[in-house]
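Structure record follows, encoded as structure tokens.
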There are 2 protein chains.
Amino acid sequence: MKIVIAGLGNIGGSFALAIKEKSTEHEVYAIDINRDSLKDAEKRGLIRKGYITPAEIIPEADLVIFSVYPMILKSLVEACSPYFKEGVLLTDVTGVKRNIINEIEPLLPEGADFIFGHPMAGRENRGLAFSSSDVFQSANYLLTPTERNKEDNIKKLSAFLKQIGFKNISSITPDFHDEVIGFTSQLAHVIAVSLINSDDTNRNTKSYTGDSYRDLTRITNINEKLWPELFIMNKDHLINHINGFKKELDRMTDAIEDDNAESMQEMMIEARRRYHELHNLDMSDWD
Amino acid sequence: MKIVIAGLGNIGGSFALAIKEKSTEHEVYAIDINRDSLKDAEKRGLIRKGYITPAEIIPEADLVIFSVYPMILKSLVEACSPYFKEGVLLTDVTGVKRNIINEIEPLLPEGADFIFGHPMAGRENRGLAFSSSDVFQSANYLLTPTERNKEDNIKKLSAFLKQIGFKNISSITPDFHDEVIGFTSQLAHVIAVSLINSDDTNRNTKSYTGDSYRDLTRITNINEKLWPELFIMNKDHLINHINGFKKELDRMTDAIEDDNAESMQEMMIEARRRYHELHNLDMSDWD
């Protein structure tokens with residue numbers, strides 16, 4: 001396939017790297033507003049050629065991977081839209097789906113098949129310099145097909161994603177995507193940011209941390225240009241998850257205030273049961 | 001030194017392993033109520049000999065490392081107390097300090113020097129079978145000396161801890177210990193348990209997790225026989241930290257509800273600054 005990566009940042013760069021490492025039959029091109037990134041990627045052999053304007057390369061693309069911030073996606077698709085080849089396959093990497101799909105689908109010519117997707121992998125660091133194909137290896141990929149999508153194209157895209165290293169490609173509805181990602185990813189980021197920001201900076205906490213605190217704050221190296229948008233677009237589900245979390249936090253707080261060790265024990269046994277389920281462990285492995 | 005490990009569970013076993021690997025001049029013995037653990041440790045060469053009753057070995061000990069649950073510590077020290085040799089050095093591994101010190105110090109004969117301590121390392125798994133000397137390597141160790149302790153003994157204990165692999169040995173007050181551990185360790189466990197227990201188990205979340213959720217819930221493989229005790233003994237500091245965390249969580253929730261991207265951005269930039277400080281990174285390394 002002739003593949004165009006539209007937006008050669010961290011995720012776009014990781015796609016280019018993974019394709020280069022895992023396949024030989026694809027020709028990879030890129031469009032980006034940053035000439036230096038394009039030159040750099042050409043020199044490193046990640047792409048055959050980079051372009052500033054869609055008109056020069058989009059007409060040849062069999063697959064376009066839009067890997068830009070959600071805020072920019074709409075205008076980039078609009079800019080590319082006049083040049084899509086009949087039968088072109090399009091995809092994105094955005095962390096929310098309902099809003100994006102509602103915004104993008106009306107812009108598409110009939111002959112373009114946009115299958116929206118979300119790689120469950122990424123680095124907190126921005127930019128091509130931090131791209132890595134490793135993060136894709138054995139990671140999950142979520143596709144959110146709509147009525148517009150052709151079954152054959154979903155299969156084709158899934159096969160391509162497996163080829164470049166992803167393990168499980170799941171197809172789920174856009175609403176379920178936003179609900180579950182609101183929990184596993186967005187709520188986790190809300191909690192981590194709140195935790196590190198509640199630190200008393202006069203305490204010099206870093207001399208007294210063990211693995212727990214470092215684990216819980218790893219994702220606070222957060223991209224503030226991306227996440228507020230994602231939170232706002234998924235507000236209903238995210239607020240719902242925050243409330244569910246707060247309810248559990250209050251249960252634990254009440255038990256501590258009441259010296260209720262038994263109630264805490266029940267919560268901890270349940271948490272441990274869920275931990276073992278998450279990691280496919282047998283409770284008997286443990287004690 | 002003749003060292004007696006009193007309580008050959010996970011942490012006690014890790015001490016035995018670390019001493020075996022890192023030194024040759026110490027003789028290590030253990031007391032435990034579990035004959036099988038003692039036999040196993042003897043077979044594996046972790047200890048010279050194990051005993052069920054303190055009377056048989058405590059009189060010979062130069063150093064006793066009490067590595068039992070806080071609830072059991074007091075009665076174990078009482079049982080050992082008649083047999084302490086003049087000048088014996090004692091230490092513990094308990095995760096809270098004020099209560100423990102107040103409980104234990106009045107029981108001690110004058111010739112016994114108990115320096116309370118806390119290795120910032122451990123496994124969620126219980127028992128000797130999960131012991132490992134690796135967890136101690138380059139980990140932090142907190143000592144909380146009191147007026148009873150002799151300066152020479154603090155130096156001697158610190159040197160021993162460095163010898164078996166710990167990196168930074170800090171001396172802090174018992175109250176500061178409980179305040180900072182309430183934040184870095186206890187609050188982290190409260191949050192992780194609350195997060196995993198707020199999961200909707202009908203969702204089959206594990207198919208949709210990335211690294212974030214796995215990181216934030218790693219410590220939910222929690223020992224429910226230990227942690228409720230620790231939370232209750234450190235209630236004042238822990239509740240204070242939970243409230244500080246909730247305040248930050250509410251700030252973020254309000255910003256999401258108000259579509260206030262700017263306010264979220266400020267919180268995220270602050271979180272990122274703190275992340276970089278925690279990991280000794282320069283912000284300019286990043287973007």
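The values are calculated or read from the model by the stated rules, or taken from the named source; none is laboratory data. Here the structure is a predicted model, which means the values were calculated and not measured. All Cβ positions, glycine included, derive from the backbone under ideal geometry; neighbour counts span all protein chains shown.
Filter segment A:162-177 down to residues that are more than 18 Å from A:Phe15 (Cβ to Cβ) and in contact with a Lys or Arg (Cβ under 7 Å, 6 or more places away or on another chain) and give me whichever is surrounded by the fewest Cβ atoms within 10 Å (Cβ to Cβ). Within segment A:162-177, the match that is surrounded by the fewest Cβ atoms within 10 Å (Cβ to Cβ) is A:Asp175.
Give the residues of segment B:186-212 that are modelled with pLDDT under 95 and either within 7 Å of chain A (Cβ to nearest Cβ) or at positive phi (or both), sorted by residue number. Answer for segment B:186-212, where residues must be modelled with pLDDT under 95 and either within 7 Å of chain A (Cβ to nearest Cβ) or at positive phi (or both): B:Arg203, B:Asn204, B:Thr205, B:Lys206, B:Ser207, B:Tyr208, B:Thr209, B:Gly210, B:Ser212. What about A:Phe160, is it part of a strand (DSSP E or B), within 27 Å of A:Ser37 (Cβ to Cβ) and hydrophobic (A, V, I, L, M, F, W, C)? Against the criterion (part of a strand (DSSP E or B), within 27 Å of A:Ser37 (Cβ to Cβ) and hydrophobic (A, V, I, L, M, F, W, C)), A:Phe160 does not qualify. Note on segment A:111-149: among residues that are modelled with pLDDT of 95 or more and surrounded by fewer than 18 Cβ atoms within 10 Å (Cβ to Cβ), the one that is farthest from the other protein chains (Cβ to nearest Cβ) is A:Gly111. Against the conditions (1) of a type in the set (Phe, Trp, Tyr); (2) closer than 17 Å to B:Ile239 by Cβ; (3) in contact (Cβ under 8 Å) with a residue 60 or more places away in the chain, B:Phe183 satisfies every one except (3). Cβ separations smaller than 7 Å between residues 6+ apart or across chains give no pair from segment B:242-270 residues that are free of Cβ contacts under 8 Å to residues at least 12 places away in the same chain to residues that are outside any helix (DSSP H, G or I) and surrounded by fewer than 17 Cβ atoms within 10 Å (Cβ to Cβ). Against the criterion of being in contact (Cβ under 8 Å) with a residue 12 or more places away in the chain and exposed (fewer than 15 other Cβ atoms within 10 Å of the Cβ), A:Ile33 qualifies.
Within segment B:230-250, which residues are buried (at least 19 other Cβ atoms within 10 Å of the Cβ) and more than 7 Å from chain A (Cβ to nearest Cβ)? Those that are buried (at least 19 other Cβ atoms within 10 Å of the Cβ) and more than 7 Å from chain A (Cβ to nearest Cβ): B:Leu230, B:Met233, B:Asn234, B:His237, B:His241.
Matching residues to (1) within 17 Å of B:Gly13 (Cβ to Cβ); (2) in contact with a strand residue (DSSP E or B) (Cβ under 6 Å, 6 or more places away or on another chain):
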residue	(1), (2)
B:Pro70	no, no
B:Pro82	no, no
B:Glu86	no, no
B:Leu89	no, yes
B:Thr94	yes, no
